[in-house]
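Here the structure is laid out as structure tokens; the discussion comes afterwards.
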Amino acid sequence: MSSATTTRAAPAPGTFKVIAAASIGNALEWYDILVYGYFAVTSGLELAGIKMIWRVNHLPNFLSFTSRDALSLRLILMEALSNVMHHAHAKTVTLSATYDKAVHLLAITVADDGCGFVAPTLSEGAGLNNMQARARKLTWQTTIHVDSEPGKGTAVQIKIEPPADVGTTD
């Protein structure tokens, strides 16, 4: 991953309305998608006493990521954050995102310090299955990996591989 990146501060209150209105076109910024997910669950996390840590580096704007793809990614993020709220018994959740230009890979991670779980026992879990199904529907190659262990929390990593010829703006 790129080591020469800076972390943006958590979104300011009121940002969500601007992002939701601006995200209707085809050229969506990754940051905007993450902000949407952030605001969709922040109040619930706060009420549950879970601290949100925001570690999002500068992300390029991919010109061909569609609104439908953005919605699917938002729903994946909301599911991951909702799982933290409802199942993890966590004190902290970290949302991080980086783009590695050298290997053309966007990595988004939702990690908590909660109770964790044994993955095979969740083969019938609707939330995790829904995230996988949404990832398969995205235009670009997307994988979701869940790493969890009882007593050690959970990390959901979403890896998105944009085609090499996709245009970006910074």
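The values are calculated or read from the model by the stated rules, or taken from the named source; none is laboratory data. Everything numeric here is computed off the predicted structure, so don't read it as measured data. Reconstructed Cβ throughout: ideal geometry from the backbone, glycine too, with neighbour counts over all protein chains shown. The protein model used for the area step is the full one, side chains on, heavy atoms only, and it has no ligands, DNA or RNA in it. Shrake-Rupley method; radii C 1.70, N 1.55, O 1.52, S 1.80 Å.
Taking region 92-118 as the search range and keeping residues that are among the hydroxyl-bearing types (Ser, Thr, Tyr) and over 12 Å from the mean Cα position of the chain (by Cα), which one is nearest to residue 62 (Cα to Cα)? Step through it out loud before you land on a result.
Restricting attention to region 92-118, the residues satisfying the condition of being among the hydroxyl-bearing types (Ser, Thr, Tyr) are 92, 94, 96, 98-99, 109.
Restricting the remaining residues to those that are over 12 Å from the mean Cα position of the chain (by Cα) gives 92, 99.
Values: 92: 30, 99: 11 Å.
Looking at the filtered set, the residue picked out is 99.
Of the numbered conditions (1) modelled with pLDDT under 90; (2) open to solvent by 30 Å² or more (accessible area, probe 1.4 Å), residue 59 satisfies every one except a single condition; which is it?
That leaves (2) as the condition not met.
Look at region 137-163 and say how many of its residues are more than 12 Å from the chain's Cα centre (by Cα), under 17 Å from residue 116 (Cβ atoms) and open to solvent by less than 60 Å² (accessible area, probe 1.4 Å).
4
Tell me, which residue of region 66-108 that is part of a strand (DSSP E or B) and out of contact with any helix residue (DSSP H, G or I) (no Cβ under 9 Å at 6 or more places or on another chain) is least open to solvent (accessible area, probe 1.4 Å)? Steps first, answer last, please.
Initial filter on region 66-108 (part of a strand (DSSP E or B)): 92-100, 105-108.
From what's left, out of contact with any helix residue (DSSP H, G or I) (no Cβ under 9 Å at 6 or more places or on another chain): 92, 94, 96, 98, 100, 105, 107.
Details: 92: 34, 94: 25, 96: 32, 98: 33, 100: 23, 105: 28, 107: 6 Å².
By that ranking, first place goes to 107.
Pick from region 119-136 the residues that are at pLDDT 90 or above and buried (at least 18 other Cβ atoms within 10 Å of the Cβ): which of them is nearest to residue 61 (Cα to Cα)?
135
Can you confirm whether residue 49 is outside any helix (DSSP H, G or I) and in contact with a strand residue (DSSP E or B) (Cβ under 9 Å, 6 or more places away or on another chain)?
No, not satisfied.
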